[in-house]
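Since the structure comes first, as structure tokens, the remarks are kept for the end.
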Amino acid sequence: MTTSTWTPPPADEAALTDWLRVRDPVTRAPGTGGWHVFGHPEVKEVLADHGSFSNAVVRPVPEDSPMRLYRTGNLTWMDPPRHRNLRGLVSQAFTPRWAAELEPMIRETVETFLAGLRGRDEVAFVRDFASPVVATVIARMLGVPEKGQRLFQEWSRSLLALADPSAEGNGLQKVLSLTQVAEAYLHQFVAKRRAAPTDDLTSKLIAAEIEGECLGDDETAGLIALLMSTGQAATITLVNAMIVLGRHPEAVATLRARPDLLDSAIGEVMRYRSETTRVERRTVRDTVIGGHVIPAGESVSVWIAAANRDPRVFSDPHIFDIERTTSPHIAFGHGIHYCLGAPLARLEIRIALRALLDSTLDFTVDPAGTRLLDPRLMFGASEATIRFAWKEMQ
């Protein structure tokens, strides 16, 4: 990679992509800018070394804050040994096999919202399809009834808007208010399931046990909040897929002719336009990465979007190619914090994209109707206006 003078990451999507292209694998920003890791092998090394790089980088949440819902049970900001124990409990319930059994429900959910789009020339894709599909799937797998599903859909949209630089200034206040409502709802719901368990994920979380330890109500509610917030990855990947495919009509034509390439195409979307641009770590001891000694107590930005375009790993990394034979992308992370819901996310995205491709003759994404998120936080869009040409119903 070419050495370049350090400049802060730009907020413009295209400019940030160019900025990432010329980064050294490991770079120290001047002043208090911390360290930045861009290379694929170096990023994997950091993510795998939880003994040197702590994930507990978020300040403690005050007891009176509405965000306390995310404090307990949030695997994202947790280090071992608590992370290992809690993830072990969750893994008992949230298995890949169990996620695969959700396929009929996911297909039904996709078809329900797709039916509301058919015949419409122009669609607000996130509002009318991607966000409600993902939020409803999460709510239904947890056993949340229809009234709660509507709360989940509104909560989902508000979380996504936090990364939208064009969103209204009261976006955070809306999230805080909805989170407060959701916390009260979830504690009531968890209490009901504890008293009368069913076959849903909430009941399975409550019943999970390792060495005599079970999840308390606060941790169960916090884990549900984590599923809701991290579930946005599927929403964003769906809209990213439409944006990228809209820019590459030849890839769409190939997918229509060769449906077997859909999984490969989804992996390439995730590599090419990584939803999670970067994650944060903090060193707990002096450690060496890419030939650089990073002292203890330093902040480290781990750039997944850059790693997924490392030319040492991917040939022609800035070309979108749905027929890549190898795509070791790390869009779902790596190491102990690898996304627990990755199998579910892949399944949702595959079913939704297949249904859209099978139902349409063509589609175009309107740039003027697309609100891109701040790429320094994530690549995605809080909304995308898409024009569809629909097939006639048989």
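The values are calculated or read from the model by the stated rules, or taken from the named source; none is laboratory data. All values derive from a computational prediction rather than experimental measurement. Here the Cβ positions follow ideal geometry from the backbone for every residue, glycine too, while neighbour counts run over all protein chains shown. Each accessible area value is taken on the protein alone, full model and side chains, heavy atoms only, with ligands, DNA and RNA left out. Shrake-Rupley method; radii C 1.70, N 1.55, O 1.52, S 1.80 Å.
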Helix-only CD estimate at 222 nm, as mean residue ellipticity for the chain, using -39500 (n - 2.57) per DSSP H run (n ≥ 4): -14000 deg cm²/dmol
Rounded accessible area per residue of the chain, 1.4 Å, Å²: 44
Roughly to the nearest percent, how much of the accessible area of the chain is carbon and sulfur, given a 1.4 Å probe? 53
Among 289-297, 106-114, how do they line up by average Cβ neighbours within 10 Å per residue, starting with the highest? 106-114, 289-297
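Would you mind getting me the FRET efficiency between D260 and D200? Use the beta-carbon distance for r and R0 = 30 Å, nearest 0.05.
0.35
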When the chain is modelled as a GNM with alpha-carbon springs shorter than 10 Å, which of T326, T235, T202 fluctuates the most? T326
Return the loop-located trypsin sites (Lys or Arg not before Pro) in region 191-288 (DSSP other than H, G, I, E, B) with at most 15 other Cβ atoms within 10 Å of their own Cβ; answer none if there are none. R285
What nm distance separates the two modelled labels at A48 and E111, each placed 7 Å from Cα along Cα→Cβ? 4.4
Please compute the length gained on full extension between R371 and R285, using 0.36 nm multiplied by the number of residues separating them and subtracting their Cα-Cα distance. 26.9 nm
Any idea what % of Cα-Cα pairs in region 1-107 are farther than 15 Å? 77
Looking at region 174-262, which GluC sites (Glu not before Pro) are in a loop (DSSP not H, G, I, E or B) and have at most 12 other Cβ atoms within 10 Å? E209, E211
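Scan the chain and note any complete DSSP helix (H) whose C-alpha atoms cover at least 20 Å along its axis and whose Kyte-Doolittle average is -1.0 or more.
The answer, listed by residue number, is 146-161, 171-195, 232-247, 342-359.
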Using 0.36 nm per residue, how much length does the chain from T325 to S359 gain when fully extended, once their Cα-Cα distance is taken away? 9.4 nm
For the chain, report the translational diffusion coefficient in µm²/s to the nearest whole number, using Stokes-Einstein at 37 °C, 0.692 mPa s, and a Kirkwood Rh over Cα pairs. 150
Under 22 Å between alpha carbons: how many lysine pairs meet that in the chain, if sequence neighbours fewer than 8 apart on the same chain are excluded? 4
Could you work out the Kirkwood radius for region 77-222, taking every pair of different alpha carbons, averaging 1/r and inverting it, reported in Å? 17.1
A student asked for the Cα radius of gyration and Dmax of region 261-388 in angstrom ought to give 17.4, 56
